[in-house]
Amino acid sequence: MKSLFIILLTSGFFFMPQGSPDANAILKKLDANMTSKTLVSKSEMIIYGRRNSRTIIAKGYSEGQDKSFTEYLSPEREKGTKMLKLEDRLWIYSPSTDRTIQLSGHMLRQSVMGSDLSYEDMMEDRKMTEIYNAIVIGEETIGGRITWILELTAKVDDATYEKRKTWVDQERYIPLKEELFAKSGQLLKKIEMSAVKQFGNRWYPTKMNFKDMLKEGKGTDFVATEMQFDVKIPDYIFTKASLKK
Amino acid sequence: MKLAFQLAYKNLMGAGLRTWLNVIVLSFAFVLIIFYNGLIDGWNKQASVDGIKWEYGYGQLRHADYDPMDPFTLQDAHGVLPGASSQSLTPVLISQATIYPQGRMMSIALKGIDAKQATLKLPTNLLSESKADIPAIIGKRMATSLNLEVGEEILMRWRDKNGTFDAANITIAGIFDSHVPTIDAGQIWIPIDELWQMTGLENHATMYIAGAGYEYKAAPGWKFESQKSLLQELTDIIEMKKVSGSIMYGLLMTIALLAIFDTQVLSIFRRQREIGTYIAMGMTRWQVVSLFTMEGSMYSFMATILGAIYGIPLLLFLAWKGIGMPAASQEMGIIVADRIHPVYGLGLVLGTVLLVVAASTIVSFLPSRKIAKMNPIDALKGKLQ
């Protein structure tokens with residue numbers, strides 16, 4: 001027993017942070033948990049305005065990180081609007097004009113239907129591990145769940161946010177909160193995840209609140225009402241022809 | 001001719017109030033034409049001077065991809081013009097940014113300009129004199145819409161050349177008062193060195209403003225817009241205004257000319273014996289036609305004199321005092337001063353006199369032609385023809 005104590009002491013065990021994990025490994029697990037081969041979901045986007053709020057219901061299909069297709073189901077004004085993303089290209093079909101337009105450049109930086117999300121936010125398809133280096137800077141309990149606080153610093157030049165802080169559930173490896181920062185360190189956006197549910201072996205937050213921290217308001221809620229992971233999606237869904245169907 | 005003139009004068013004076021009513025309406029149309037065109041010319045002159053002083057300089061050398069009407073082109077419409085610093089050119093880099101006044105979100109055009117420039121009237125010296133980290137100047141319209149004053153700060157978010165977000169407070173170093181809304185509304189001006197550093201686009205420009213000594217040499221990837229072509233849009237708007245304005249005074253002229261026409265028709269009908277007498281006394285039919293035409297033309301001469309009597313002091317007073325323009329007209333993106341001072345050129349005055357005289361002569365001549373077909377005996381008898 002005494003010799004074991006000496007070994008631990010000399011090996012510096014007591015000087016190491018207890019159970020300090022590899023942040024990049026956490027990020028990898030996070031990526032693995034938050035991505036799937038395919039995903040079919042039905043969601044509500046609740047956009048809070050100054051006086052009132054509006055809810056947009058959409059059905060989405062995605063395959064890997066390069067392909068996604070969204071069809072808006074309500075309200076009536078948006079019904080039938082479809083979006084198709086193939087790699088770095090995004091098309092929008094509007095039933096009122098019966099036209100399909102491709103968004104590019106600055107247009108991708110515009111807000112999606114007045115929400116706190118931009119098309120670019122929706123287009124981001126790279127894994128976190130490809131963009132950021134991570135370090136663990138602390139622990140915090142959020143909603144009764146113990147989390148690691150990860151500080152992510154961009155390792156590529158074209159990251160939208162230079163720095164992020166992510167609160168990762170230590171058991172389920174899902175983010176519960178995220179803060180996105182400008183190069184100057186100014187906090188720009190906050191994302192809070194909740195209503196975590198289990199889908200097979202995977203835990204997933206079904207409610208996310210996106211909040212632009214520079215403007216007033218409650219932000220935008222994104223609530224997934226139905227989720228199916230790794231189901232077969234017909235190939236025609238991810239074609240331009242499906243926009244006009 | 002002298003006789004015709006004297007007779008015409010006597011006849012008109014004899015007609016009394018009817019003559020004066022025609023003359024007053026015609027003189028009113030005459031003064032209004034000069035005033036309206038003078039107002040438009042005054043606007044044109046003031047707008048051109050302001051446009052050149054505040055925005056256009058001696059022309060603009062724009063990046064080939066830059067379309068001022070399409071903010072989506074800004075992302076790629078910038079570059080470095082070799083040897084720009086040795087020429088009389090002021091670089092301007094335009095980037096999109098977002099500001100957050102009172103918790104609201106507002107997209108703006110962030111413009112970087114050489115703080116030492118003297119080509120434009122923008123008070124860029126305030127940028128170099130300011131001790132703030134990011135000093136900015138804005139126009140009074142922008143200051144009003146943002147409720148900002150000099151020395152106050154506002155949070156701004158922008159992206160660098162790679163698309164990465166950055167944000168910082170900017171300090172208002174000055175508020176300028178310009179009649180040119182296109183350099184004011186929705187725009188913030190900061191030193192170009194600062195914008196280069198913020199975006200990482202060192203030495204890049206979206207356009208260069210030409211100074212007095214600039215001579216255009218073809219530069220690949222850049223297109224030169226001369227002062228004239230930059231002012232063309234304004235000229236077109238003003239020309240359009242002139243046309244729409246002409247409808248108003250055209251109507252007034254029509255009323256006046258109709259009155260002259262009516263008077264002539266009535267004169268020829270009522271003065272048949274007089275016509276017969278003139279012919280019996282040896283005047284040819286066409287001399288009588290000239291006499292009646294002269295009577296009609298004389299309305300315009302009298303209108304010119306009457307118009308000059310009250311019009312000259314009135315128009316000179318308006319040119320001196322100016323006409324106040326509603327604030328809403330300045331929000332429409334057109335260069336309009338608070339007060340427009342009408343400009344009356346010699347060409348405008350002479351042209352209007354000629355127009356009024358020619359128009360009244362024509363409408364007097366048309367009914368007078370009937371005289372040429374009259375039978376002098378029947379005319380003497382006063383028979384209807």
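Restricting B:ILE309, B:ILE335 to residues that are surrounded by 12 or more Cβ atoms within 10 Å (Cβ to Cβ), on the phi < 0 side of the Ramachandran plot and either at pLDDT 90 or above or not in a helix (DSSP H, G or I) (or both) narrows the list to B:ILE335. From the list B:THR19, B:THR98, the lone residue that is β-branched (Val, Ile, Thr) and either in contact with a Ser or Thr (Cβ under 6 Å, 6 or more places away or on another chain) or closer than 30 Å to B:ASN203 by Cα (or both) is B:THR98.
Of all the numbered requirements in (1) in a strand (DSSP E or B); (2) crowded, with 19+ Cβ neighbours inside 10 Å, A:ASP116 misses one, and that requirement is (1). Taking segment B:161-173 as the search range and keeping residues that are part of a strand (DSSP E or B) and surrounded by fewer than 20 Cβ atoms within 10 Å (Cβ to Cβ), which one is farthest from the other protein chains (Cβ to nearest Cβ)? My answer is B:THR171.
Of note, A:VAL136 satisfies the criterion of being away from chain B (no Cβ under 11 Å) and either under 20 Å from A:LEU86 (Cα atoms) or not in a helix (DSSP H, G or I) (or both). When each of A:SER184, A:SER194 is tested for being more than 14 Å from every other protein chain (Cβ to nearest Cβ), under 29 Å from B:TYR100 (Cα atoms) and among the hydroxyl-bearing types (Ser, Thr, Tyr), the lone residue that passes is A:SER194. For segment A:87-106, name all the residues that are crowded, with 17+ Cβ neighbours inside 10 Å, over 15 Å from A:TYR72 (Cα atoms) and either modelled with pLDDT of 90 or more or within 13 Å of chain B (Cβ to nearest Cβ) (or both). Residues satisfying the conditions are A:LEU103, A:HIS106. Restricting segment A:154-172 to residues that are more than 14 Å from chain B (Cβ to nearest Cβ) and out of contact with any Phe, Trp or Tyr (no Cβ under 8 Å at 6 or more places or on another chain) leaves a set whose member that is modelled with the lowest pLDDT is A:GLU171. Taking (1) assigned to a helix (DSSP H, G or I); (2) more than 14 Å from chain A (Cβ to nearest Cβ); (3) within 18 Å of B:PRO91 (Cβ to Cβ); (4) not hydroxyl-bearing (Ser, Thr, Tyr) in turn, B:ARG141 satisfies each apart from (3).
I need the full set of residues from segment B:185-205 which are surrounded by 23 or more Cβ atoms within 10 Å (Cβ to Cβ) and farther than 23 Å from A:GLY185 by Cβ, in order please. Listed by number, the residues that qualify are B:TRP189, B:ILE192, B:ALA205. Name the single residue that is nearest to the chain's Cα centre (by Cα) among those in segment B:17-68 being within 14 Å of chain A (Cβ to nearest Cβ) and of a type outside the set (Phe, Trp, Tyr). That would be B:ASP67. The set of residues in segment A:205-215 that are under 13 Å from A:LYS177 (Cα atoms) and either within 14 Å of chain B (Cβ to nearest Cβ) or touching a residue at least 24 places away in the same chain (Cβ under 8 Å) (or both) comprises A:PRO205, A:PHE210, A:LYS211. Could you check, for segment B:59-75, whether at least one of its residues is over 19 Å from B:SER226 (Cα atoms), in contact with a strand residue (DSSP E or B) (Cβ under 7 Å, 6 or more places away or on another chain), not in a helix (DSSP H, G or I) and not assigned by TED's automatic domain parsing to the domain that holds B:ASP236? For segment B:59-75, residues over 19 Å from B:SER226 (Cα atoms), in contact with a strand residue (DSSP E or B) (Cβ under 7 Å, 6 or more places away or on another chain), not in a helix (DSSP H, G or I) and not assigned by TED's automatic domain parsing to the domain that holds B:ASP236: present. A single member of B:LYS111, B:LYS45 is at negative phi, in a helix (DSSP H, G or I) and either of a type in the set (D, E, K, R) or touching a Pro at 6+ places or on another chain (Cβ under 8 Å) (or both), and it is B:LYS45. Only a single criterion out of (1) of a type outside the set (Lys, Arg); (2) crowded, with 16+ Cβ neighbours inside 10 Å; (3) within 14 Å of another protein chain (Cβ to nearest Cβ); (4) in contact (Cβ under 8 Å) with a residue 12 or more places away in the chain is not satisfied by B:TYR208, namely (3). Scanning segment B:69-91 for residues that are more than 14 Å from chain A (Cβ to nearest Cβ) and either under 19 Å from B:GLU202 (Cα atoms) or buried (at least 17 other Cβ atoms within 10 Å of the Cβ) (or both) gives B:GLY79, B:VAL80, B:LEU81, B:PRO82, B:GLY83, B:ALA84, B:SER85, B:SER86, B:GLN87, B:LEU89, B:THR90, B:PRO91.
State yes or no: is B:TRP158 in a strand (DSSP E or B), within 14 Å of chain A (Cβ to nearest Cβ) and of a type outside the set (Asp, Glu)? So B:TRP158 passes the test. Filtering B:ILE305, B:ILE275 for residues that are within 14 Å of B:ALA372 (Cα to Cα) and of a type in the set (A, V, I, L, M, F, W, C) leaves a single hit, B:ILE275. The sole residue among B:ILE237, B:ILE190, B:ILE209 that is within 18 Å of B:VAL49 (Cβ to Cβ) and assigned to a strand (DSSP E or B) is B:ILE209. With respect to (1) surrounded by 13 or more Cβ atoms within 10 Å (Cβ to Cβ); (2) free of Cβ contacts under 8 Å to residues at least 12 places away in the same chain, the lone exception for A:GLU76 is condition (1).
Might you check whether a residue that is in the same structural domain as B:GLY38 (by TED's automatic domain parsing), under 15 Å from B:LEU12 (Cβ atoms) and of a type outside the set (Asp, Glu) occurs anywhere in segment B:306-329? Within segment B:306-329, one or more residues are in the same structural domain as B:GLY38 (by TED's automatic domain parsing), under 15 Å from B:LEU12 (Cβ atoms) and of a type outside the set (Asp, Glu).
The values are calculated or read from the model by the stated rules, or taken from the named source; none is laboratory data. The shown structure was predicted, so the numbers you read here are calculated from the model rather than taken from an experiment. Positions of Cβ are backbone-derived with ideal geometry, glycine not excepted, and every protein chain shown enters the neighbour counts.
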